[in-house]
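Working notes for the structure below.
The values are calculated or read from the model by the stated rules, or taken from the named source; none is laboratory data. From a predicted model like this one, the values you see are computed outputs, not experimental measurements. Cβ coordinates were reconstructed from backbone atoms using ideal geometry, including for glycine residues, and neighbour counts include every protein chain displayed. When the accessible area is computed, the model is the full protein with side chains, heavy atoms only, and any ligands, DNA or RNA have been set aside. Shrake-Rupley method; radii C 1.70, N 1.55, O 1.52, S 1.80 Å.
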Amino acid sequence: MSAPVFGRAAPVLYEERVDSTNLYLRRLADTAPDGTAVIAASQSAGRGRAGRSFLSPEGGLYLSVLLRPAVEPERLPTLTPVAAAAVCRAVETVCGVRCGVKWPNDVLLGGKKICGILFESVLGGEKPCVIVGIGVNADTPAFPEELQPIAGSIAAVTGDNVDLHALAAALLSEFDALYALWLSDGGAAVREEYRRRCLNVGREVLAGGRRGLCLGVGDDYSLLVRFSDGAEEALRFGEVSVRGLYGYE
Ligand code: BTN
């Protein structure tokens with residue numbers, strides 16, 4: 001067992017409504033202790049990757065953690081898979097359903113995205129830090145039509161309301177334990193868990209208009225793909241569709 005790194009020593013703040021839990025922590029970046037977390041019941045300006053917005057009505061869980069890990073800067077973005085694994089574990093414990101990850105970092109349940117993760121570095125201020133933001137569609141009531149092929153909620157799959165307090169507590173506890181492991185073992189255990197959970201592996205994928213078979217996940221979290229022309233490539237970024245998910249037939 002690893003000792004908790006942030007869960008017991010740092011504050012866990014709660015707000016009914018904020019613009020964005022990531023922005024909230026960013027404003028505290030110079031003063032907040034390592035491991036400070038904020039949970040909100042809803043967000044008015046939830047932020048997603050690539051400048052997108054993240055729908056954040058009541059019923060979801062919106063949580064960010066501020067961390068100051070003393071590791072090589074290139075390792076920092078691999079906190080995203082740490083968070084993804086923590087979400088999967090917490091949802092499994094609290095809701096009794098198994099989740100997977102669509103590369104790079106969407107957590108899926110029943111073929112739909114139930115969680116997004118936004119990793120940000122805050123480098124300009126007095127005390128550099130990173131912020132890991134996690135949004136879980138737990139009891140999220142409904143999604144706009146354009147999101148319906150992609151976004152889902154835990155409650156829609158289980159048919160039960162989600163105990164948001166229990167889910168938040170489990171998520172912080174799992175993230176804390178996996179973060180401690182990530183600090184101590186260089187990320188190896190989380191990478192293996194990510195590989196086991198990665199839904200792309202062994203499936204047909206579509207990347208940049210080319211079809212291929214996903215062979216696995218590299219040590220740097222690249223997606224290893226053999227394209228139909230025989231070329232094998234390690235994809236480090238970009239949109240990759242997975243046959244059978246998000247309406248790709
Ligand atoms: C994505 O899938 O594009 C990432 C979505 C991340 C959403 C979470 S909700 C909590 C935290 N606060 C934000 O504004 N964004 C992240």
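Which is under 26 Å from Ala138 (Cα atoms) and surrounded by 13 or more Cβ atoms within 10 Å (Cβ to Cβ), of Val217, Val157, Val205, Val225?
Just a single option satisfies the conditions, and that option is Val157.
Would you please list the contacts, defined by Cβ atoms under 8 Å and residues six or more apart or on different chains, that run from a residue in the stretch 87-110 that is farther than 26 Å from Glu239 by Cβ to a residue that is small (Gly, Ala, Ser) and open to solvent by less than 30 Å² (accessible area, probe 1.4 Å)?
Pairs that qualify, where the first residue is farther than 26 Å from Glu239 by Cβ and the partner is small (Gly, Ala, Ser) and open to solvent by less than 30 Å² (accessible area, probe 1.4 Å), are Arg89/Ala170; Ala90/Ala170; Thr93/Ala170; Val94/Ala170.
Quick one: is Gly238 surrounded by fewer than 14 Cβ atoms within 10 Å (Cβ to Cβ), assigned to a loop (DSSP other than H, G, I, E, B) and over 21 Å from the mean Cα position of the chain (by Cα)?
Considered against the rule, which asks whether it is surrounded by fewer than 14 Cβ atoms within 10 Å (Cβ to Cβ), assigned to a loop (DSSP other than H, G, I, E, B) and over 21 Å from the mean Cα position of the chain (by Cα), Gly238 comes out as no.
Any idea which residue in the stretch 102-111 is farthest from the ligand (Cβ to nearest atom), counting only those that are over 16 Å from Val190 (Cα atoms) and crowded, with 21+ Cβ neighbours inside 10 Å?
Step by step, filter the stretch 102-111, then rank; the result is Leu109.
Out of all the residues in the stretch 160-178, which are surrounded by fewer than 18 Cβ atoms within 10 Å (Cβ to Cβ) and in contact (Cβ under 8 Å) with a residue 12 or more places away in the chain?
Passing the criteria: Asp160, Asn161, Asp163, Ala166, Ser173.
As an exercise: evaluate Tyr179 against (1) over 15 Å from the mean Cα position of the chain (by Cα); (2) over 26 Å from Glu249 (Cα atoms); (3) among the aromatic types (Phe, Trp, Tyr) and give the number of the one condition it does not meet.
Among (1) over 15 Å from the mean Cα position of the chain (by Cα); (2) over 26 Å from Glu249 (Cα atoms); (3) among the aromatic types (Phe, Trp, Tyr), the lone unmet condition for Tyr179 is (1).
I'm trying to understand the selection: among the residues of the stretch 19-34, which are crowded, with 18+ Cβ neighbours inside 10 Å and in contact with a Gly (Cβ under 7 Å, 6 or more places away or on another chain)?
Selection gives Ser20, Thr21, Asn22, Ala29.
From the list Gly135, Gly124, exactly one residue is surrounded by fewer than 20 Cβ atoms within 10 Å (Cβ to Cβ) and of a type outside the set (A, V, I, L, M, F, W, C). Which is it?
Sole residue among the options that is surrounded by fewer than 20 Cβ atoms within 10 Å (Cβ to Cβ) and of a type outside the set (A, V, I, L, M, F, W, C): Gly124.
Any residue in the stretch 27-56 that's under 19 Å from Tyr14 (Cα atoms): show its pairings with residues that are surrounded by fewer than 19 Cβ atoms within 10 Å (Cβ to Cβ) and polar (S, T, N, Q) at Cβ separation under 9 Å, as long as the two are six or more apart or on different chains.
What qualifies is Ala45/Ser53; Gly46/Ser53; Arg47/Ser53; Ser56/Ser42; Ser56/Ser44.
Glu16: closer than 27 Å to Thr140 by Cβ, open to solvent by 50 Å² or more (accessible area, probe 1.4 Å), touching a strand residue (DSSP E or B) at 6+ places or on another chain (Cβ under 9 Å) and more than 14 Å from the ligand (Cβ to nearest atom), yes or no?
So Glu16 passes the test.
What residue, of Arg49, Arg68, is open to solvent by 10 Å² or more (accessible area, probe 1.4 Å), of a type in the set (D, E, K, R) and near the ligand (Cβ under 9 Å from one of its atoms)?
Arg49
For the stretch 52-65, name all the residues that are more than 14 Å from Phe175 (Cβ to Cβ) and near the ligand (Cβ under 7 Å from one of its atoms).
Across the stretch 52-65, the qualifying residues are Arg52, Phe54, Ser56, Tyr62.
Name, by its number, the condition in (1) crowded, with 16+ Cβ neighbours inside 10 Å; (2) within 13 Å of the ligand (Cβ to nearest atom); (3) not β-branched (Val, Ile, Thr) that does not hold for Cys99.
Cys99 satisfies all of (1) crowded, with 16+ Cβ neighbours inside 10 Å; (2) within 13 Å of the ligand (Cβ to nearest atom); (3) not β-branched (Val, Ile, Thr) except (2).
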